[in-house]
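To start, the structure itself, in structure tokens.
The values are calculated or read from the model by the stated rules, or taken from the named source; none is laboratory data. Every value quoted in this text rests on a predicted model; they were computed, and no experiment measured them. A quick note on method: Cβ atoms are made from the backbone with ideal geometry, for glycine too, and the neighbour counts reach across all protein chains shown.
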Amino acid sequence: MVGAVPDASESAHVATLTLRPATRTDLPAVLALLVDEERVVDPAGLVVDDVYEQAFAAIDSDPRNEILVLVEGVDDQGDDSRVVGCLQVTYIPGLGKGGAERALIEAVRIRADRRGGGLGRILMERTIERARTRGCGLVQLTSNKQREDAHRFYGRLGFARSHDGFKLAL
């Protein structure tokens with residue numbers, strides 16, 4: 001398993017946390033994380049329409065894009081496993097930083113009922129290591145200005161506020 005490590009919080013079973021690229025079967029769980037940050041949404045209750053199918057297919061087929069999921073599993077076979085976090089990474093080629101790629105992280109989510117236990121740190125640290133292994137010279141992200149808890153979290157991970165971001169809705 002890529003990035004699997006025991007999670008000591010499980011007493012009856014040894015759980016593993018695995019960071020891996022999302023598959024099509026993960027799409028409802030990823031959408032459940034994205035649709036509402038404040039509560040747990042049952043993926044079985046979501047309709048995955050053609051727009052999401054096409055967007056996932058485009059990301060999945062692009063070697064410079066990936067949706068990563070943090071999966072918690074009770075055993076080595078993945079039985080009783082569930083997606084507890086996700087994010088999207090886009091690898092951007094550039095001439096700055098000696099021609100090194102940069103990794104742009106977006107849509108970072110941890111299940112609402114699992115926040116505060118270190119899963120976000122695990123998700124981000126493993127993603128940063130993945131970018132480093134790929135040869136990226138920089139990892140960047142943006143965060144809504146109102147998300148002060150998230151800003152403190154990113155700061156503890158070593159991210160520095162260095163630029164103002166701008167967006168134009170089309």
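Pairs only if they're at least six apart or on different chains, beta carbon under 8 angstrom, first in region 15-40 and under 17 Å from L119 (Cα atoms) and touching a residue at least 12 places away in the same chain (Cβ under 8 Å), second basic (K, R) and crowded, with 21+ Cβ neighbours inside 10 Å; list them, first residue then second. Going by the 8 Å Cβ cut-off, the qualifying pairs are L33/R109; L33/R111; L34/R109; E37/R109; V40/R111.
For the structure I just gave you, tell me whether I128 is modelled with pLDDT of 90 or more, surrounded by 19 or more Cβ atoms within 10 Å (Cβ to Cβ), out of contact with any Pro (no Cβ under 8 Å at 6 or more places or on another chain) and on the phi < 0 side of the Ramachandran plot. No; evaluated as a whole, the condition is false for this residue.
For region 79-98, indicate whether the set of residues that are out of contact with any Asp or Glu (no Cβ under 9 Å at 6 or more places or on another chain) and polar (S, T, N, Q) is non-empty. There is no residue in region 79-98 that is out of contact with any Asp or Glu (no Cβ under 9 Å at 6 or more places or on another chain) and polar (S, T, N, Q). Screening D149 on (1) without any contact (Cβ under 8 Å) to a residue 24 or more places away in the chain; (2) crowded, with 19+ Cβ neighbours inside 10 Å shows it passes everything except condition (2). Take E72 and tell me if it is touching a strand residue (DSSP E or B) at 6+ places or on another chain (Cβ under 6 Å), over 16 Å from F153 (Cβ atoms) and at pLDDT below 95. Yes: the conditions hold for E72. Taken as a whole, region 103-113 holds no residue that is over 26 Å from Y154 (Cβ atoms), exposed (fewer than 15 other Cβ atoms within 10 Å of the Cβ) and at pLDDT 85 or above. For region 101-130, the set of residues classified as in contact with a strand residue (DSSP E or B) (Cβ under 7 Å, 6 or more places away or on another chain) and either assigned to a loop (DSSP other than H, G, I, E, B) or polar (S, T, N, Q) (or both) consists of E101, R111, T127, listed by residue number.
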